[in-house]
Amino acid sequence: MLDLAILGFLAERPLPGHELRRRVSELTGYTRPVSDGSLYPAIKRLAAAGLLERRADPAGGAARYALSVTDAGRAELLKRLRTPADHEISDFTRFFTVLAFLSLLPDVAEQHAVLRRRLEFLEQPASFFYDGDRPLRAEDVTDPYRRGMLLTARAISGAERAWLHQILDRGEPVAARGDTDPSTLQEPVNRPARR
């Protein structure tokens, strides 16, 4: 997901490495912090593959560089957004990374195909706890903390499904960044992965 975040942010505009690191860290949050030890090798690998380039940034001072995505990098980004891997659909943080850049896909039908995959995943019975192959619901669990986990996951999953239906049932494109009135959209949230 680090590669996708790097390509996504650089597709929006060229950035110096420290600004890119800040944006990626803000996106992934405290649960998956981005260190220089993971970011800069990823940048080097993407540059070696011809997906991004590094240019001197005169505005940034001596030894400062701005990173930008190449045409090949943009094509790779769009390919990954069109066909995210199954784990990028099922994992909440990974899906949020896909969602953060989904509006870069120019075709609304392709955007909605990704959202439908997420909705299909969310509509499958799942739990953190099972009795054999049967997923346990909050009502099936006596432990108050496990029940709390299940009730929270149910609420989060319900909110995300409602948001997805809101977008997909309207048949409209997701508004471009900066054009969305946040009071009109529900914030998408997580549910447990199926085991």
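Values quoted throughout were computed directly from the atomic coordinates according to the rules given, and no laboratory measurement underlies them. On a predicted model such as this, the values are computed, not experimentally measured, just so you know. Here Cβ is always computed from backbone atoms with ideal geometry, including for glycine, and neighbour counts include all displayed protein chains.
Database remark: amide H of residue 52 closer than 5 angstrom to the amide H of 47, 70 (H placed geometrically; neighbours at sequence offset of 5 or more, or on other chains; Pro and chain starts carry no H). Each residue of the stretch 120-132 is assigned a 3J(HN,Hα), and the resulting list reads 4, 4, 5, 8, 7, x, 8, 7, 7, 10, 9, 10, x Hz, derived from the Karplus form 6.51 cos²θ - 1.76 cosθ + 1.60 (θ = phi - 60°), x at Gly and Pro.
Classify the stretch 2-79 as rounded, prolate or oblate, taking a ≥ b ≥ c as the square roots of the eigenvalues of its Cα gyration tensor: rounded when a/c is under 1.5, otherwise prolate if a/b is larger than b/c and oblate if not.
Numbers: a/c = 1.63, a/b = 1.06, b/c = 1.53.
It comes out oblate by the Cα gyration axes.
Under a 5 Å amide H cut-off, with hydrogens placed 1.01 Å from N, residue 129 pairs with 136 among residues at least 5 apart or on other chains.
How far, in nm, would the chain grow between residue 72 and residue 53 when pulled straight, counting 0.36 nm per residue and subtracting the alpha carbon separation?
On the way: separation 19, 0.36 × 19 = 6.84 nm, distance 1.07 nm.
Full extension from residue 72 to residue 53 adds 5.8 nm.
Among 120, 139, 110, 160, the ranking by other beta carbons within 10 Å of each residue's beta carbon, starting with the fewest, stands as 139, 120, 110, 160.
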